[in-house]
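**Student:** The structure is given below, and queries will be raised subsequently.
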Amino acid sequence: MPTDTIKIKRLKAMYRLRAKVDDMYTSGLEAMKDGRPVAWSMVTWWHADPVFKAMDLEVVYPENYAAMVAASGKASRYLDLCDADGFPTHLCGYSRINLGYVSRMVNGCAGGIPPEAPMGGLPKPVMMLSHSMLCDARVKWFQSLGRYMDTPVWMMETALPGVEEWNDPDVRKWSLKLVMDEIEQFIAYLERMLGRKLNRDRYDEMLSDMITLSRLAYKTFELRKATPCPMHSRDFWSVMPPYLYMSGDLKDSIDCYQALYDEVEQRVASRIGAVEPEKYRLLFAELPPWHSLEFFDRLAERGWNFVKESWAYNPPRPLEGLEDISDPVERHARFHLHVATGYHADALADDEYMGYLGYPYVKFAKDYACDGAFFHGLMTCRSASTHHPYTRELLMRKLKIPSFQVEGDLVDLRLFNAEEALRRAEVFEESMDYYRELRQQEHFPADNMQPA
Amino acid sequence: MLDTLHGMSRVSQVLADRSARIRELKAQGKKAVGYFCSYVPVEILTAMDLVPVRILGDMDEPVTEMDTVLPTSFCPFLRNCINTVFRGRYDFLDGVVGAHSCDAQEKSIHVWKSKIKYEFYHYLDMPATLHPWGADMYRSSLEKFKSSCEAWTGKPLSGEALEASILAHNRHRSLVRELYELKRFDPPLVSGSDTLRILTAISGLPVDEGSALLEAVIQEARAGKIQADTQDKKRILVVGACLDALPLIRLIEDFDADVVMDDNCMGARTYFRDVSITKDPMQGLASRYLDLTCARTFRETVAGEFRKDHAADLETRFAHLGNYIEKWRVEGVVIQLVRFCDPFGYEVPELKDYLNSINIPNLYLETEYTTGSLAPLKTRLQTFLETLL
C-alpha cells in the first residue's frame, strides 16, 4: 500500500510548451480556412520538418493527433470505423484512428471535419509525407488512404545501417548520400507543388534553430540524472512535440525550453523531485497508454519516478562539428542520420547489435541510476515492442536491472488493464528492492550507478 | 541416395530432412548461409560457392525459445522461423544474411546477431521505394555484400562467376515458371500442395541440383505421374506474404478446390522475375531485387504526382494479379495474411477493391502461423468455396 498520497509535481514551464501542440492544430485549421495549403506528415526525425518550416507550409502530424484523440477518450469511434472498412485490427493504432477519421470525414461528413473531432480536427491536406524510419506502417498507411482521398503521397526514404555496418566508411557515405538526395528531391517536389522556391537562407536558419532547440532539450533532460529526478515522464511527453515536430515558432520554443531548463536546474539545486519521496527510479519503454495517463499518478503514489524514456522520442546526442559543415543539406542530413546511429558505437563496443531502440536503454539505465524498467508492450505497434524481450534480458544480463512488462496499446483502452498492472507493480517492487541490494553487494555496475 | 531417387521421390527425401544434403556438402568443405526472404540476392552466394539455405518455419512446432528474443505481438512466421533456428534445426549454418525488406526482419536480424554468433553475418539495408537515388544506394549495398562475402571466404568474385550464377538462377526460375505452366491445365498437372513441396525442397539445395530436380519433376508431371486426380475443382489463387506450410493449402484442397496460382514469397514472387543480363551484373541484380511484387515496396503510378488516381494506383500495385487470374483461369482469390504483418495488412482493403473491380470473388483470412489457428477458418473457407459458381 502507498505510504503517502503523492502526486507528480508538474513543471510550470511545461504548460507553455504543451500549449504549442494545440497551436499546431489551430494553425492548421486557420490555414485551411484561409485557403492556404496544409500537409500531413509522419514523424520524420527532423528529416523533413526544417524543409516544411522553411517553405512556410502548415503541417500536422496524424500520429500525434491520434495520440490526442486517444488521450481525449474518443478513439473507439474511429477504431470501429477502421475495422468496419476491412483493415486488420492488429495494424498500428495511430493509423487505425486516422483511417477511421478519414473514412468518417469522407463518408459521413461530405469531406468536412467531423464535428466531434478533438482539437477542432485535422484539416484536409494537399499532400501527405510518408517516411521509412522505424516501421512499415509509416510507409504504407498514407498510401492506404488512397481509397478515400486523392491526396498525393510523397515517400521519403532514410538509411538504417546496422551497428557494425555503421563503422564502415562506405556505408556512412552512401547512407549520407541517400539522406541528402531525399532532402533535395523533397524540396524539389514541394517547390513544384507550391509554385515557389525554397528560401535557402530561411532553410539555413531553420536548421540552426532546430539544432539549438535539440541541444537545449538534450541538456535539459540530462538534468534528470539527478537524485531525486526533477522531471517525470509525463512532463517529458508534454514537452516533446515542440522539438520532435518542430511545432510553432522555433525561436519561441527555444525561449520556452530555456525556461524549462532553468526550472529543472533550480529543482536540482534544491533537491526537489518530481515524485517525493522518490522510492524507485524507472525507465519507460516505449509509448505510454495515452488513454490512461492517470495511471502514472497511481504509480507516483507508490514512489515510482519515471526518469527516462526511449531513445526514439528524445533529442539525439549532440553531434560535434555540425556547425562547421557549410552545406546546409549535408548538415541537415548528418543531424538526421545521427538520430538512429548515435548509440551504435556504444553497442558495438559491447558486442550488441540493436544499436537503436534496444541498446540505448543500457546506457540510460546506468546514467540515470535506474532501479527498474517498465515495458509497455503494444499490441498494435511492432516498432515499439519488438525489442522488449531482448532489451529486458539485456538489462538484467548487463546491469542486473529487473523489468516489468505490461501489455496494452497506445490508443486502444480495451487492451489495457490498469488495475491488474497496479497489482503487479506492487509485486515488482520486491524485485527492484532485491536487485538494488544485489547490485550494492556486488558493487555492480562499477562506476556511475548511484543506488537510490 | 542422390543418384537413385528422382522427381517427387527425391522431393519427399529432401523434405524428410532438409539438412541432410547440406551436411553432405559441408562435409565436402562447402559453407551454408541461411536467409529468410526473397530479397536476399542468392546469386552472389552461389557465385561465391556458398550454399544458400532458405530458413523456414514449422507450423506444428511450438515456439518455445523466443521469450528473450521476440515478443508475441510480432510476425508469427518470422518468430517461428527464428525459433527453429534457436532450437538447433539449422545448426549447420556458417552464416546468415538479413535484408531490410520489412521492419520485422530488420529488427529481428539485429537481435539474432546479438544472440547467436556466426562466422559470417551480413545485413543488407535497402530502400522502400523505387526512387532512382534509392536504387543507387541499394546497388552500393549489394557491392558491400559482395565484398563482405569475399572477405569472409578469402576469394575474389569475378564478373564471369557472378554472371554464370545469374544465368544459373535465371534457368532455375524459368523451370519453376515451367512448372507453374502445368498448373494452367484443367485439371492442373501439379496440385497446389505438391507445388509447395517441390518449392520447399529446392529452397535448400544448390541451384543446379534444384534445377535438375525441377526438370525431373516437370517430366513426371507432363507424363501425368504426379497429378492427384482428374476431377473438376475450383481454381484458387492464394495471395500473401510467405506461405511455406502445407496446412492452409490442404485445407483448400479438402473442399474440392486447388491452388493453381499464388503470389507469395515461396512461389511466384520469388521466381517470376529474372535478373536482366547487363554489362554490369550488379545493376541487373539491383533492378531485379528492388522491383519484386512485395507489399513492402512503396509503388507509385507517377512519382511526384500532385493528385492521386486511385484506380491507376490499384492497377500499378495489383495488375500482376489480374494477369495471373486471367492466365490461370482463377475462380476465387484467398487473401492470406499472417497476423501482425503490416506491409500486407495495409493492402487488404485496397486489394479487395481491386479484386472486386475485376469481379473476382475473394476471401480474406488471417492466420497465426499455427495449424491450430486454421481450424476456425474452415467454415469460412468452405462457405466461400461453395459460393464460387
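The values are calculated or read from the model by the stated rules, or taken from the named source; none is laboratory data. None of these values were measured; they are calculated from a predicted model. Cβ sites come from the backbone with ideal geometry, for glycine too, and all protein chains shown count toward neighbours.
**Student:** If I filter the stretch A:104-133 down to residues being out of contact with any Lys or Arg (no Cβ under 9 Å at 6 or more places or on another chain), in a loop (DSSP other than H, G, I, E, B) and within 14 Å of chain B (Cβ to nearest Cβ), which single residue comes out as surrounded by the fewest Cβ atoms within 10 Å (Cβ to Cβ)?
**Tutor:** Across the stretch A:104-133, the extreme among qualifying residues is A:K124.
**Student:** Is it true that B:Y35 is within 14 Å of another protein chain (Cβ to nearest Cβ) and either in contact (Cβ under 8 Å) with a residue 40 or more places away in the chain or closer than 30 Å to A:L378 by Cα (or both)?
**Tutor:** Numbers: within 14 Å of another protein chain (Cβ to nearest Cβ): no; either in contact (Cβ under 8 Å) with a residue 40 or more places away in the chain or closer than 30 Å to A:L378 by Cα (or both): yes.
When the stated conditions are applied, B:Y35 does not pass them.
**Student:** Let me ask you something else. I need a count of the residues in the stretch A:367-395 that are surrounded by fewer than 21 Cβ atoms within 10 Å (Cβ to Cβ), part of a helix (DSSP H, G or I) and more than 9 Å from chain B (Cβ to nearest Cβ).
**Tutor:** 1
**Student:** Filter the stretch B:301-325 for residues that are part of a loop (DSSP other than H, G, I, E, B) and at the interface with chain A (Cβ under 8 Å from one of its Cβ atoms); which is surrounded by the fewest Cβ atoms within 10 Å (Cβ to Cβ)? Show your work before the answer.
**Tutor:** Taking the stretch B:301-325 and keeping what is part of a loop (DSSP other than H, G, I, E, B), we get B:301-309.
Adding the requirement that they be at the interface with chain A (Cβ under 8 Å from one of its Cβ atoms) leaves B:304-309.
Working: B:G304: 14, B:E305: 18, B:F306: 13, B:R307: 10, B:K308: 21, B:D309: 15.
The residue in question is B:R307.
**Student:** Kindly indicate the residue of the stretch A:282-321 that is assigned to a helix (DSSP H, G or I) and at pLDDT below 90 and also surrounded by the most Cβ atoms within 10 Å (Cβ to Cβ) among those meeting that condition.
**Tutor:** Of the residues in the stretch A:282-321, the ones assigned to a helix (DSSP H, G or I) are A:290-292, A:295-300, A:311-313.
Keeping just the survivors that are at pLDDT below 90 gives A:290-292.
Details: A:W290: 22, A:H291: 27, A:S292: 18.
My answer is A:H291.
**Student:** What residue, among those in the stretch B:261-282 that are in contact with a Leu (Cβ under 7 Å, 6 or more places away or on another chain) and aliphatic (A, V, I, L, M), is nearest to B:E326 (Cα to Cα)?
**Tutor:** Taking the candidates together, the pick is B:M261.
**Student:** Then there is this: Would you mention how many residues in the stretch A:143-188 are assigned to a helix (DSSP H, G or I) and more than 20 Å from B:T297 (Cβ to Cβ)?
**Tutor:** Here is the first cut: in the stretch A:143-188, the residues assigned to a helix (DSSP H, G or I) are A:143-147, A:165-167, A:169-188.
Restricting the remaining residues to those that are more than 20 Å from B:T297 (Cβ to Cβ) gives A:165-167, A:169-173, A:176-177, A:180, A:183-184, A:187-188.
The qualifying residues number 15.
**Student:** Please identify the pairs in which a residue from the stretch A:322-337 that is surrounded by 22 or more Cβ atoms within 10 Å (Cβ to Cβ) has its Cβ atom under 6 Å from the Cβ atom of a residue that is of a type in the set (F, W, Y) and modelled with pLDDT under 95, counting only partners at least 6 apart or on another chain.
**Tutor:** Every condition considered, no pair remains.
**Student:** Let me ask something else. Please tell me if B:L167 is of a type in the set (A, V, I, L, M) and under 20 Å from the mean Cα position of the chain (by Cα).
**Tutor:** Yes.
**Student:** Pull up the stretch B:53-69, narrow it to residues that are within 14 Å of another protein chain (Cβ to nearest Cβ) and crowded, with 21+ Cβ neighbours inside 10 Å, then point me to the one that is nearest to B:L205 (Cα to Cα).
**Tutor:** As a first pass, look at the stretch B:53-69 and keep what is within 14 Å of another protein chain (Cβ to nearest Cβ): B:63-69.
If we keep only those that are crowded, with 21+ Cβ neighbours inside 10 Å as well, we get B:63, B:69.
Values: B:V63: 26, B:V69: 29 Å.
Result: B:V63.
**Student:** So in the stretch B:326-353, with the set limited to residues that are within 11 Å of chain A (Cβ to nearest Cβ) and not in a helix (DSSP H, G or I), which one is surrounded by the fewest Cβ atoms within 10 Å (Cβ to Cβ)? First the steps, then the outcome.
**Tutor:** If we filter the stretch B:326-353 for residues that are within 11 Å of chain A (Cβ to nearest Cβ), which is where we start, we get B:335, B:337-353.
Now restrict to residues that are not in a helix (DSSP H, G or I): B:335, B:337-341, B:346-347.
Values: B:I335: 20, B:L337: 20, B:V338: 22, B:R339: 18, B:F340: 26, B:C341: 29, B:Y346: 26, B:E347: 22.
Among those residues, the one meeting the criterion is B:R339.
**Student:** Same structure, new question: A:G162: within 7 Å of chain B (Cβ to nearest Cβ), farther than 25 Å from A:A54 by Cα and not charged (D, E, K, R), yes or no? Working first, answer last.
**Tutor:** On the way: within 7 Å of chain B (Cβ to nearest Cβ): yes; farther than 25 Å from A:A54 by Cα: yes; not charged (D, E, K, R): yes.
When the stated conditions are applied, A:G162 passes them.
**Student:** Hey, A:A39 hits all of (1) within 14 Å of chain B (Cβ to nearest Cβ); (2) in contact with a Ser or Thr (Cβ under 8 Å, 6 or more places away or on another chain); (3) surrounded by 24 or more Cβ atoms within 10 Å (Cβ to Cβ) but one; which does it fall short on?
**Tutor:** (2) is the only condition that A:A39 fails.
**Student:** Given the structure, is B:A201 away from every other protein chain (no Cβ under 14 Å), of a type in the set (A, V, I, L, M), touching a helix residue (DSSP H, G or I) at 6+ places or on another chain (Cβ under 6 Å) and surrounded by fewer than 19 Cβ atoms within 10 Å (Cβ to Cβ)? It would help to see each step written out before you state the result.
**Tutor:** Values: away from every other protein chain (no Cβ under 14 Å): yes; of a type in the set (A, V, I, L, M): yes; touching a helix residue (DSSP H, G or I) at 6+ places or on another chain (Cβ under 6 Å): yes; surrounded by fewer than 19 Cβ atoms within 10 Å (Cβ to Cβ): no.
So B:A201 does not fit the description; no.
**Student:** Another question about this same structure. Only helices (runs of 4 or more DSSP H) wholly contained in the stretch B:70-164 count here; list those with 1 or more residues that are facing chain A (nearest Cβ under 9 Å) and of a type in the set (D, E, K, R).
**Tutor:** Working: elements: B:76-86, B:103-115, B:132-153.
The helices (runs of 4 or more DSSP H) meeting that bar are B:103-115, B:132-153.
**Student:** Just checking, which of A:E437, A:E426 is over 30 Å from A:D80 (Cα atoms) and either free of Cβ contacts under 8 Å to residues at least 12 places away in the same chain or within 14 Å of chain B (Cβ to nearest Cβ) (or both)? Give the derivation first.
**Tutor:** Details: A:E426 fails: either free of Cβ contacts under 8 Å to residues at least 12 places away in the same chain or within 14 Å of chain B (Cβ to nearest Cβ) (or both).
From the options A:E437, A:E426, the qualifying one is A:E437.
**Student:** Just to be sure before I move on: is B:F298 within 14 Å of chain A (Cβ to nearest Cβ) and in contact with a strand residue (DSSP E or B) (Cβ under 7 Å, 6 or more places away or on another chain) in the structure I sent? Spell out the reasoning first.
**Tutor:** Details: within 14 Å of chain A (Cβ to nearest Cβ): yes; in contact with a strand residue (DSSP E or B) (Cβ under 7 Å, 6 or more places away or on another chain): yes.
Spelling it out, B:F298 is indeed within 14 Å of chain A (Cβ to nearest Cβ) and in contact with a strand residue (DSSP E or B) (Cβ under 7 Å, 6 or more places away or on another chain).
**Student:** Taking the criterion of being modelled with pLDDT of 95 or more, among the aliphatic types (A, V, I, L, M) and not in a helix (DSSP H, G or I), would at least one residue in the stretch B:13-36 satisfy it?
**Tutor:** Yes, because at least one residue in the stretch B:13-36 is modelled with pLDDT of 95 or more, among the aliphatic types (A, V, I, L, M) and not in a helix (DSSP H, G or I).
**Student:** Are there any pairs, at least 6 apart or on different chains, whose C-beta atoms fall under 8 Å, with the first in the stretch A:102-114 and closer than 16 Å to A:A75 by Cβ and the second surrounded by 14 or more Cβ atoms within 10 Å (Cβ to Cβ) and among the acidic types (D, E), and if so, which?
**Tutor:** Listed by first residue and then by second, the contacts come to A:S103/A:D85.
**Student:** Condition check: acidic (D, E) and either crowded, with 20+ Cβ neighbours inside 10 Å or under 30 Å from B:L45 (Cβ atoms) (or both). Does B:D274 satisfy that? It would help to see each step written out before you state the result.
**Tutor:** Numbers: acidic (D, E): yes; either crowded, with 20+ Cβ neighbours inside 10 Å or under 30 Å from B:L45 (Cβ atoms) (or both): yes.
Taking the combined requirement at face value, the residue satisfies it.
**Student:** Can I ask one more? How many of the residues making up the stretch A:283-299 are of a type in the set (G, A, S) and within 16 Å of A:F404 (Cα to Cα)? Can you show your working first?
**Tutor:** Taking the stretch A:283-299 and keeping what is of a type in the set (G, A, S), we get A:285, A:292.
With within 16 Å of A:F404 (Cα to Cα) added as a condition, the list becomes A:285.
Residues that pass the stated criteria total 1.
**Student:** On to the next question. Mind telling me which of the residues A:D351, A:D346 ends up being free of Cβ contacts under 8 Å to residues at least 40 places away in the same chain, part of a loop (DSSP other than H, G, I, E, B) and within 17 Å of A:L394 (Cα to Cα)?
**Tutor:** Working: A:D346 fails: part of a loop (DSSP other than H, G, I, E, B).
Sole residue among the options that is free of Cβ contacts under 8 Å to residues at least 40 places away in the same chain, part of a loop (DSSP other than H, G, I, E, B) and within 17 Å of A:L394 (Cα to Cα): A:D351.
**Student:** Which residues, taken from the stretch B:366-381, are part of a strand (DSSP E or B) and touching a residue at least 60 places away in the same chain (Cβ under 8 Å)?
**Tutor:** Of all residues in the stretch B:366-381, those part of a strand (DSSP E or B) come to B:366-367.
Of everything in the stretch B:366-381, just one residue is part of a strand (DSSP E or B) and touching a residue at least 60 places away in the same chain (Cβ under 8 Å), namely B:T367.
**Student:** Residues of the stretch B:134-155 being without any contact (Cβ under 8 Å) to a residue 60 or more places away in the chain and of a type in the set (K, R), which ones?
**Tutor:** B:K144
**Student:** Something else now. Check B:N356 against each of (1) at pLDDT 95 or above; (2) in contact with a helix residue (DSSP H, G or I) (Cβ under 9 Å, 6 or more places away or on another chain); (3) within 14 Å of another protein chain (Cβ to nearest Cβ) and name the one condition it does not meet.
**Tutor:** The number of the failed condition is (2).
**Student:** What helices (runs of 4 or more DSSP H) completely inside the stretch A:1-74 contain at least 3 residues that are at pLDDT below 95?
**Tutor:** On the way: elements: A:12-34, A:49-54, A:62-71.
Helices (runs of 4 or more DSSP H) meeting the threshold: A:12-34, A:62-71.
**Student:** Hey, another quick one. For the stretch A:165-176, which positions are buried (at least 17 other Cβ atoms within 10 Å of the Cβ) and either at the interface with chain B (Cβ under 7 Å from one of its Cβ atoms) or β-branched (V, I, T) (or both)?
**Tutor:** Once the filter is applied, which keeps residues that are buried (at least 17 other Cβ atoms within 10 Å of the Cβ) and either at the interface with chain B (Cβ under 7 Å from one of its Cβ atoms) or β-branched (V, I, T) (or both), the stretch A:165-176 yields A:E165, A:V171, A:W174.
**Student:** Taking only the stretch A:404-418 into account, find how many residues are assigned to a loop (DSSP other than H, G, I, E, B) and in contact with a Pro (Cβ under 8 Å, 6 or more places away or on another chain). Explain how you work it out, then say what you get.
**Tutor:** Residues of the stretch A:404-418 that are assigned to a loop (DSSP other than H, G, I, E, B), as a first pass: A:409-412, A:416-417.
Narrowing the set further to residues that are in contact with a Pro (Cβ under 8 Å, 6 or more places away or on another chain) leaves A:409-410, A:416.
Residues flagged as assigned to a loop (DSSP other than H, G, I, E, B) and in contact with a Pro (Cβ under 8 Å, 6 or more places away or on another chain) within the stretch A:404-418 amount to 3.
**Student:** Okay, next question. Whether any residue in the stretch A:205-221 is acidic (D, E), surrounded by fewer than 21 Cβ atoms within 10 Å (Cβ to Cβ) and either farther than 30 Å from B:L124 by Cβ or more than 14 Å from chain B (Cβ to nearest Cβ) (or both) is what I want to check. Give the derivation first.
**Tutor:** Within the stretch A:205-221, the subset acidic (D, E) is A:205, A:209.
So of that shortlist, the ones also surrounded by fewer than 21 Cβ atoms within 10 Å (Cβ to Cβ) come out as A:205, A:209.
If we keep only those that are either farther than 30 Å from B:L124 by Cβ or more than 14 Å from chain B (Cβ to nearest Cβ) (or both) as well, we get A:205, A:209.
Yes, the stretch A:205-221 contains at least one residue that is acidic (D, E), surrounded by fewer than 21 Cβ atoms within 10 Å (Cβ to Cβ) and either farther than 30 Å from B:L124 by Cβ or more than 14 Å from chain B (Cβ to nearest Cβ) (or both).
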